[in-house]
Amino acid sequence: MVEFKDDVKKCLMKCGVEDKVQIFLFCDTQIVKEDFVEAINNILNSGDVPNLYVTEDMESISTSCRALCQSLGMQPTKANLFSAYLTRVKKNVHVVLAFSPVGDSFRNRLRMFPSLVNCCTIDWFHEWPAEALYSVAKQQLMAGNVELPNFEGSLRLFQTIHMNVESASQKFLQVNKRHVYVTPTSYLELLSSFLNILALKRKQVGTQQHRYKVGLEKIGDAEEQVSGLQQMLVEKKPALEKTQKEVAEMMEVIKVDKAAAEEVSDAVAKEEAEAQVKAQATQVIKDDAQRDLDEALPALEVAVQCLKKLKADHIREVKQLTNPPAGVRLACEGICIMFGLKPVKKNDPNTPGKKIDDYWETSQKEVLADPKKLLDQLFNFDKDNIPDKVISQIAPYMEREDFDPAAIK
């Protein structure tokens, strides 16, 4: 709105201050706000727009119109100077309005701003003749570099369409008493729409033509590739048949190998089951042995502690016994068995004719003869590698109640 008022003020100042004739041309397509039309209405009515001039503008107006005011015999007051200015503006300014009658906007503006009718001379443009329609259509098409198969026929077609629409609008007015305005702008829009649609359709057809061309090229390439593949297939067919035969033979071999593998697998599964059973039995034996070991370790530790307390004098004392107690004899028997010493066969005093094993004589000769050697043998005894025969011989002694340190004491 500010720019519009500046343009209006510039035009009016040239008319009033410079005393020049000016034409202010205003089209309805330039109307952004209805305030534009209100300003034009004020110019048509009084030659002035409220609040248009600033102080500097009023000084220019006063300076330029002082002589005019004196020539008219009026005092150069502020009001008389501005009145003289408006007189000069009304004389020099010519407002030309180009409004289209199409639609309701024109009728509404005439009702809202009466000066558009009261202060204007309406110049109705007549419809274009057939020659003008033909000439404009030719000019528009040639400006757009449009090539048509029947160029002259197309020009005549546009001419006929517009004239038929004008004729139909007259019939519509006679029947329905309503105006349908067909203006030269409508004809220009017809030509513009034709050019736009023609360009759009040609672009679409060009795109489809390009796609069709590319598709044909792809099909041609595919045909060449298929031909090459067919030739390759013919060339490799003997090798393919040979390979198929080899594959069939290999399948037979694989079938035989598979049967053999299944047999081996069954045998392996059977052996695995047996091994599992043995492993379970072994685990039971291991657990049993571990329990026995857990029970024996404390006793072993006690025996080691007792062995550390044993002195050579104690052994000599035992050696000097001629008739040792039963516990001493039993302990010596155990030592002889552990060392793998054989007993002496003697007659059983209780059963004539029967022989018994006597380990006491063996103990005196081989075990108790050298106390230090005995202690070394006891301390260095290989308890982790005892022969099975010795274990079986000593096992009955372990079950005896009198074979116990407390009982021997």
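The values are calculated or read from the model by the stated rules, or taken from the named source; none is laboratory data. These figures come from a predicted structure and were not determined experimentally. Note that we place each Cβ from the backbone using ideal geometry, even for glycine, and neighbour counts take in every protein chain shown. Accessible surface areas use protein heavy atoms only, side chains included; no ligands, DNA or RNA. Shrake-Rupley method; radii C 1.70, N 1.55, O 1.52, S 1.80 Å.
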Once amide hydrogens are built 1.01 Å from N within the peptide plane, the residues lying 5 or more places from F24 or on another chain with amide H under 5 Å from its amide H are H94, V95, V96
Note to self: with every protein chain in place and a 1.4 Å probe, the stretch 164-233 gives an accessible area per residue in Å² of 82 Å²
Calculated from DSSP helices alone, with each H run of at least 4 adding -39500 (n - 2.57) and the total divided by the residues of the chain, [θ]222 nm to the nearest 500 comes to -24000 deg cm²/dmol
Extension length gain for L173 and K345 (0.36 nm per residue less Cα distance), in nm, is 45.9 nm
Quotient of Cα radius of gyration and Kirkwood radius for the chain, i.e. Rg/Rh, equals 1.80
For the pair C27 and D123, the simple spin-label estimate (label points 7 Å beyond Cα toward Cβ) gives in nm 1.6 nm
Here, the stretch 35-175 modelled as identical Cα point scatterers in vacuum has Debye log10 I(q)/I(0) at q = 0.13, 0.18, 0.20 Å⁻¹ of -0.79, -1.08, -1.18
A chain fully extended from D382 to L52 at 0.36 nm per residue, minus the present Cα-Cα distance, gains in nm 105.7 nm
In the stretch 99-132, the chymotrypsin sites (Phe, Trp or Tyr not before Pro) that sit in a DSSP loop and have at most 15 other Cβ atoms within 10 Å of their own Cβ are W124, F125
Of all C-alpha pairs within the stretch 167-298, those more than 18 angstrom apart amount in percent to 84 percent
Extension length gain for K237 and S392 (0.36 nm per residue less Cα distance), in nm, is 47.7 nm
Residue-ordered couplings for the stretch 176-192, obtained by feeding phi - 60° into the Karplus form 6.51 cos²θ - 1.76 cosθ + 1.60 and rounding to whole Hz (Gly and Pro as x), are 9, 6, 10, 7, 10, 7, 10, 9, x, 4, 4, 5, 5, 5, 4, 5, 5
Packing-ranked peptide list from 275-284, 47-56, highest mean Cβ count within 10 angstrom first, is 47-56, 275-284
For the stretch 226-231, Karplus-derived ³J(HN,Hα) couplings (6.51, -1.76, 1.60; θ = phi - 60°; whole Hz; x for glycine and proline) come out as 5, 4, x, 5, 5, 4
Of the listed links K319/K372; K346/K373; K138/K203; K346/K383, those spanning more than 21 angstrom between alpha carbons are K346/K373; K138/K203; K346/K383
Going through K345/K365; K236/K258; K14/K91; K33/K90; K342/K365; K9/K90 one by one, the pairs whose alpha carbons sit over 20 Å apart turn out to be K236/K258; K33/K90
Kirkwood Rh over alpha-carbon pairs of the stretch 1-81 plugged into Stokes-Einstein at 10 °C, 1.306 mPa s gives a D in µm²/s of 114 µm²/s
Phi-derived 3J(HN,Hα) across the stretch 39-44 with the Karplus relation (6.51, -1.76, 1.60, θ = phi - 60°), rounded Hz, x for Gly and Pro, is 5, 4, 4, 5, 5, 5
Rounded to the nearest 5, the percent of DSSP beta bridges in the chain running antiparallel is 40 percent
